Amino acid sequence: MNTLALGPSWLDPDYLIGQFGLLGVLVIVFAESGLLIGFFLPGDSLLFTTGLLVTTDKLHTPLWLVCVLVALAAIIGDQVGYLFGRKVGPSLFKRPDSRLFKQENVEKAHEFFEKYGPKSLILARFVPVVRTFTPIIAGVSRMNYRSFITFNIIGGVLWGVGVTLLGAGLGQIEFVRKNIEAMLILIVLISVVPIAIEFLRARSRSKKEAAAGGGEDRGPIAGGGAPSTGQRGRHARR
């Protein structure tokens, strides 16, 4: 199966699976789930392609075993991220930007965690970049460990098994097999929709806050200035 690389060839799911097999899939899922350097890895499209390749007998591993191993890699990855967050603590927010680390990503994950609480560990699984940093933020915030484990397992199973089974299910459809390039591009586009929505919301909030701030600045000046024409007319009639 020849697919179109979505970016560099080493980020193309088909290339990665062809070169490193199931072990490579598990390493990438682990890294993207809780290591700072894993945020750019193609988790969603990789799992989708894995399920599809199992169904088309191009990855010779039972589907049930693939699902179990992927879920475990995702859960263990988040576990490592949580422990890293607990150890690093607030210093993570002071770390300078580099080619593989952007403070902006940490702040987005922190806002996501603050907004959704413990269930963010489930929701973040389906949001690229955010899913890498959320377990780390949970550790920084010293989230109750029992709650973390519970939501970590639920999220890891829903994402890891769910996306893999989606690829396996759609892989049985002839149209999908004949248009795998388009399907992979579609999966990537769908995976970045939440980020685009959040970006637009943040931009809208910033504009509203800027407008509100401008209104507050003008308020005292308007109130303390000369009365309007209508007010002067009323005063004159009195």
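The values are calculated or read from the model by the stated rules, or taken from the named source; none is laboratory data. All figures in this text were calculated on a predicted structure; none of them were measured in a lab. Note that we place each Cβ from the backbone using ideal geometry, even for glycine, and neighbour counts take in every protein chain shown. What goes into the accessible areas is simple: the full protein's heavy atoms, side chains included, and nothing from ligands, DNA or RNA. Shrake-Rupley method; radii C 1.70, N 1.55, O 1.52, S 1.80 Å.
Is it the case that residue 59 is modelled with pLDDT of 85 or more, under 16 Å from residue 169 (Cα atoms) and over 20 Å from the mean Cα position of the chain (by Cα)?
For residue 59, the condition - modelled with pLDDT of 85 or more, under 16 Å from residue 169 (Cα atoms) and over 20 Å from the mean Cα position of the chain (by Cα) - is not met.
Collect the residues in the stretch 48-92 that are among the β-branched types (Val, Ile, Thr) and open to solvent by 60 Å² or more (accessible area, probe 1.4 Å), keeping them in residue-number order.
The answer is 68, 76.
Test residue 4 against the criterion of being more than 21 Å from the chain's Cα centre (by Cα) and either modelled with pLDDT of 85 or more or over 30 Å from residue 110 (Cβ atoms) (or both), and give yes or no.
Against the criterion (more than 21 Å from the chain's Cα centre (by Cα) and either modelled with pLDDT of 85 or more or over 30 Å from residue 110 (Cβ atoms) (or both)), residue 4 qualifies.
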